[in-house]
Structure formats: C-alpha cells, structure tokens
1. Could you list, in sequence order, all residues of the stretch 68-89 that are at pLDDT 80 or above, surrounded by fewer than 14 Cβ atoms within 10 Å (Cβ to Cβ) and over 16 Å from GLN50 (Cβ atoms)?
2. Please find, among LYS44, LYS65, LYS7, the residue that is over 18 Å from TRP100 (Cα atoms), touching a Pro at 6+ places or on another chain (Cβ under 8 Å) and modelled with pLDDT under 90.
3. What number of residues within the stretch 9-58 satisfy the criterion of being polar (S, T, N, Q), open to solvent by 30 Å² or more (accessible area, probe 1.4 Å) and within 11 Å of the chain's Cα centre (by Cα)?
4. Which condition from (1) within 17 Å of the chain's Cα centre (by Cα); (2) at pLDDT below 85; (3) open to solvent by 80 Å² or more (accessible area, probe 1.4 Å) is the one that VAL103 breaks?
Amino acid sequence: TVLVKFKKQGIRLSVSSYQMAVLLVFNDTMTVSFQHILNITGLKSDANLQNHILSLERSNVLQRKAAKGKRSFRKIETTDLFRLNPRFTSKLKMITIPIWNIVRDDDEATRIDERVLQQRYRLADVAIV
C-alpha cells in the first residue's frame, strides 16, 4: 500500500511491487518517459512491467502521452511520457489497482497456443469416442 498525493486529496493505493517502484519515480518529477522509468528503477522492459504500467494507466492513476502521436493500448514505447493524473479523485480512501494482462511475450503466446491446441485435440478425441 502506498499513499499517493494527488491535487485534491491523498489516496492509498494497493499496488504490486512493480507498480510501487514506478510510482516512486514520480516523487522527483511530474512527467517521465518510459526509458527514464527503466533507468531509475533498474527494471527490464518486458511484458510483465508493461502490464503493470498499463494497469496504472487504465485505472486513470497515470496519464500517457505517446511521443509519435499514435498511442497503442497494448504496447509502450520507450519515448512515451507518463505523469500522475492531477484530476484523479475517488470517494474511496483506498483503492486496489488490478493487474491487467494486456501485453504478452511472443514465447508465452506460443506456449499458450500450443496448450490450447493440445486441449482441443483431446476434446476432439473424446467426442469421437
């Protein structure tokens, strides 16, 4: 749990460790690039970290401005800029931020696809018998 002070009020957010590390970057500055978040936290840019940051964005805690003009809802570019949403308000004193599974690694996607295919073959065999 971390206390985030927005313009109007302070709200406790129940977040993951990755999300907490990202939010701590905003103690020093209001707007940061994704590359700056990676440099400060020392985390690697993988699908897991992008899922955590996109979850903060989808919950309206963070706002994102894509540097190229076109914003992808599934992928973060290193030049994308993030800032705390100054207009964020809530009637609740504590909010749990869920982790969305938006971005997947290519390896993970192929493993899931292979498992789905295996299950389909088994179901087809059962249906035939």
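1. Once the filter is applied, which keeps residues that are at pLDDT 80 or above, surrounded by fewer than 14 Cβ atoms within 10 Å (Cβ to Cβ) and over 16 Å from GLN50 (Cβ atoms), the stretch 68-89 yields PRO86, ARG87, THR89.
2. Numbers: LYS44 fails: touching a Pro at 6+ places or on another chain (Cβ under 8 Å); LYS65 fails: touching a Pro at 6+ places or on another chain (Cβ under 8 Å).
Going through LYS44, LYS65, LYS7 in turn, the sole match is LYS7.
3. Count: 1.
4. Against the list (1) within 17 Å of the chain's Cα centre (by Cα); (2) at pLDDT below 85; (3) open to solvent by 80 Å² or more (accessible area, probe 1.4 Å), VAL103 comes up short only on (3).
The values are calculated or read from the model by the stated rules, or taken from the named source; none is laboratory data. Computed from a predicted model, the values in this text were never measured in an experiment. With ideal geometry, Cβ positions are generated from the backbone for all residues, glycine too; neighbour counts draw on all protein chains shown. For the accessible areas, the whole protein counts, side chains as well, though only heavy atoms, and no ligand, DNA or RNA atoms are used. Shrake-Rupley method; radii C 1.70, N 1.55, O 1.52, S 1.80 Å.
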